[in-house]
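Worksheet: one structure, shown below.
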Amino acid sequence: MKVAPRKGGRRPSGRGIGYSREFLERLAHVLTDAGHSPRKLAREFREICQSLPEPARKWNPAEVNYLTVLSHVITCWYHDPQFLDDKGDPVALPVRSRGPCLLSLIARALPDEDPAAVMDSLVRMRGIRRQGSLYLPTDRLVFYQRQSARLLGLMSLLAHLRTVECNLSQMASNSRIVERTTVIPRFPVLALPMFHRWLKAFALKFLLDVEGNMRRRESERPGQSIRLGVGVFAFEDPMTTGRSAGSKPVLKEVRRRGRTRGR
């Protein structure tokens, strides 16, 4: 994805999410705190990297930071009274107008970005759709394509590493950031599809509530600000959902056992 230029031609400062050294540094801190040898980690990482080819495209940290803020336009569209109708739904907006318009919404949500370029990005990503001469959000969520989704996944990974390292260094519990996990050691494989469907719906409702809370605080308390995010994820051990065809016999065996037990 082409990254929109920032207003005034400003360049990224080199800080923020997306730089490889921070990935490695925070992961190394967490692993060594857990008892892993730094020398062994360095040797293993060197061996792993030697077996990997050079990437086809160059890493661009500015692209990651840009992608993470695009969806904030949709968030503001659903929460800012200036852009809602009497029922509380987003109003269809013209591109330009003396009153509320798409470019003014983008400028309000992302004051450091070029509004026209952000609009083009949202159109390409199908985050907004055209209705005659007006525009509406396609959904409450912005669905990223494969490469963009991969970059955002890395952002989530680094954000999690930041939280884990922060909590490991904080002695007082009231200084720690929320990091909670629940694990069921013997979850039935056959129940995975149903559980993941339920979790996706539950997580969406939860995150929309969180988004509304953060948005209210954002609008009520101007001044110094930081980027704040909340994420929900599940993990499987071993990874089972979406496995290749070569793993299907294991699932068939599990199903066969389940039928036997049922009888």
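If you go through the range 112-138 and keep only what is out of contact with any helix residue (DSSP H, G or I) (no Cβ under 8 Å at 6 or more places or on another chain), loosely packed, with under 15 Cβ neighbours inside 10 Å and part of a loop (DSSP other than H, G, I, E, B), you end up with Arg126, Gly132, Ser133. When Tyr144 is tested against the conditions (1) touching a residue at least 60 places away in the same chain (Cβ under 8 Å); (2) farther than 21 Å from Gly231 by Cβ; (3) not hydrophobic (A, V, I, L, M, F, W, C), the lone failure is (2). Counting residues in the range 39-52 that are touching a residue at least 40 places away in the same chain (Cβ under 8 Å), in a helix (DSSP H, G or I) and either more than 30 Å from Ser121 (Cα to Cα) or open to solvent by less than 60 Å² (accessible area, probe 1.4 Å) (or both) gives zero. Restricting the range 139-168 to residues that are aliphatic (A, V, I, L, M) and part of a loop (DSSP other than H, G, I, E, B) leaves a set whose member that is least open to solvent (accessible area, probe 1.4 Å) is Val142. Can you pull out every residue in the range 69-82 that is open to solvent by less than 30 Å² (accessible area, probe 1.4 Å) and either at pLDDT 95 or above or within 21 Å of the chain's Cα centre (by Cα) (or both)? Matches in the range 69-82: Leu70, Val73, Ile74, Thr75, Cys76, Trp77. Here the range 191-226 is the region considered, the condition is being among the aromatic types (Phe, Trp, Tyr) and open to solvent by 100 Å² or more (accessible area, probe 1.4 Å), and the residue that is farthest from Leu110 (Cα to Cα) is Trp198. Counting only residues that are exposed (fewer than 11 other Cβ atoms within 10 Å of the Cβ) and either at pLDDT below 85 or in a helix (DSSP H, G or I) (or both), the range 170-189 holds 5 of them.
The single condition from (1) within 30 Å of Arg96 (Cβ to Cβ); (2) modelled with pLDDT of 85 or more that Val142 fails is (2). Of all the criteria given as (1) in a helix (DSSP H, G or I); (2) in contact (Cβ under 8 Å) with a residue 24 or more places away in the chain, the one not satisfied by Glu236 is (1).
The values are calculated or read from the model by the stated rules, or taken from the named source; none is laboratory data. Please read these numbers as outputs of a predicted model, since none were measured by experiment. Using ideal geometry, Cβ is built from the backbone for each residue, glycine included, and neighbour counts are taken over all protein chains shown. Keep in mind that these areas ignore ligands, DNA and RNA; they rest on the heavy atoms of the full protein, side chains included. Shrake-Rupley method; radii C 1.70, N 1.55, O 1.52, S 1.80 Å.
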